[in-house]
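S.K.: Quick one: the structure is below, questions incoming.
The values are calculated or read from the model by the stated rules, or taken from the named source; none is laboratory data. Remember, it's a predicted structure, so these values are computed and weren't measured experimentally. Here the Cβ is made from the backbone with ideal geometry for all residues, glycine too, and neighbour counts use every protein chain on show. Heads up: the accessible areas ignore ligands, DNA and RNA and are worked out on the full protein's heavy atoms, side chains in. Shrake-Rupley method; radii C 1.70, N 1.55, O 1.52, S 1.80 Å.
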Amino acid sequence: QVQLVESGGGLVQAGGSLRLSCAASGRTFSSYTMGWFRQAPGKEREFVAAISGRGGSTYYADSVKGRFAISRDNAKNTVYPQMNSLKPDDTAVYSCAAATLWLVTTSRQYAYWGQGTQVTVSS
């Protein structure tokens, strides 16, 4: 079992930056691909970014490529998406998730989920 807790969400102006965190329980954190998804009101959940277990590989949705950067600290069991040049369209609930495979971009392939944190970008 892996338990995930997100933090760092909030309100930011367009063009600003925000760094989220996802803290995981368990001793095998480095064996999991960590992904981030987001869901805006009235829209389906969408993939944002993922990072491999040891952090050597990353993958981004086209909508955030060049603006977001995902990293992880396995010693702290934490994964961080750094979100820059934020746009109002980035407003959503952001959730982290853990998967045993790489490269996975669909939510059904992730076994464990956090509760989500709200990010609101004002224009």
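S.K.: Just check the stretch 28-67 against the gyration tensor rule for me: Cα atoms, a ≥ b ≥ c as the square roots of the eigenvalues, rounded for a/c under 1.5, and otherwise prolate or oblate depending on whether a/b exceeds b/c.
M.R.: Numbers: a/c = 4.39, a/b = 1.69, b/c = 2.60.
Here the stretch 28-67 falls in the oblate category.
S.K.: Please list 73, 90, 62 from largest to smallest accessible area, probe radius 1.4 Å, with all protein chains kept in place.
M.R.: Numbers: 73 50, 90 0, 62 125 Å².
These residues rank, largest area first, as 62, 73, 90.
S.K.: Tell me which chymotrypsin sites (Phe, Trp or Tyr not before Pro) from the stretch 28-123 have a DSSP coil assignment and no more than 16 other beta carbons within 10 Å of their own.
M.R.: Values: sites: 29, 32, 36, 37, 47, 59, 60, 68, 94, 102, 110, 112, 113; in loops: 32, 102, 110.
Listed in order of number, the matching sites are 102.
S.K.: Taking the simple approach of a point 7 Å from Cα along Cα-to-Cβ for both residue 74 and residue 102, what is their distance in nm?
M.R.: Spacing of the two 7 Å Cα→Cβ label points: 0.9 nm.
S.K.: At residue 67 and residue 25, where each label point lies 7 Å from the Cα along Cα→Cβ, what is the point-to-point distance in nanometres?
M.R.: 3.5
S.K.: Between residue 7 and residue 57, what is the spin-label point distance in nm, taking each point 7 Å from the Cα along the Cα→C-beta axis?
M.R.: 3.1
S.K.: In Å, what Kirkwood hydrodynamic radius results for the stretch 1-65 from the alpha-carbon pair distances? Working shown, then result.
M.R.: Numbers: mean 1/r = 0.0732 Å⁻¹.
Answer for the stretch 1-65: a Kirkwood hydrodynamic radius of 13.7 Å.
S.K.: At a 1.4 Å probe, what is the % contribution of carbon and sulfur to the accessible area of the stretch 31-101? Each step should come with its number before you reach the end.
M.R.: Working: 1550 of 3370 Å².
That fraction is 46 percent.
S.K.: What relative contact order, as a whole-number percentage, does the chain give when Cα pairs under 8 Å and 6 or more residues apart are counted? Display every interim value, and only then the final one.
M.R.: Numbers: 308 pairs, mean separation 44.3, N = 123.
Relative contact order here is 36 percent.
S.K.: Further, regarding this structure: Any idea of the accessible area per residue across the chain, 1.4 Å probe, to the nearest Å²? Let's see the in-between values first.
M.R.: Working: 6460 Å² over 123 residues.
That works out to 53 Å² for each residue.
S.K.: Let me ask something additional. Please calculate the 1.4 Å probe accessible area of residue 85, with all protein chains present, and give it to the nearest 10 Å².
M.R.: The accessible area of residue 85 comes to roughly 60 Å².
S.K.: Still on this model: Do any trypsin sites (Lys or Arg not before Pro) in the stretch 45-119 lie in a DSSP loop with no more than 12 other beta carbon atoms within 10 Å, and if so, which? Walk me through the numbers on the way to the answer.
M.R.: Working: sites: 45, 54, 65, 67, 72, 76, 108; in loops: 45, 54, 65, 67, 76.
Those that pass, being in a loop and sparsely packed, are 54, 65, 76.
S.K.: Roughly how big is the chain's charge dipole about its Cα centre, with Cβ charges of +1 (Lys, Arg) and -1 (Asp, Glu), in debye to the nearest 20? Mind dumping the intermediate values first?
M.R.: Details: 12 positive and 7 negative charges, 46 e Å.
It comes to approximately 220 debye.
S.K.: Still on this structure, please answer the following. Under 10 Å from the Cβ of residue 80, count the other residues' Cβ atoms, weight Lys and Arg +1, Asp and Glu -1, and hand me the total. Mind dumping the intermediate values first?
M.R.: Values: positive: 19, 72, 76; negative: 73.
Local charge sum for residue 80: +2.
S.K.: Which aspartates and glutamates, if any, have their Cα less than 19 Å from the Cα of residue 65, not counting same-chain residues under 8 positions apart?
M.R.: Cross-link targets: 46, 89, 90.
S.K.: Shifting gears a bit: Taking the square root of 5 times each eigenvalue of the Cα gyration tensor, what semi-axes in Å does the equivalent ellipsoid of the stretch 6-123 have, largest first?
M.R.: Numbers: eigenvalues 100, 40, 34 Å².
For the stretch 6-123, the semi-axes come out at 22, 14, 13 Å.
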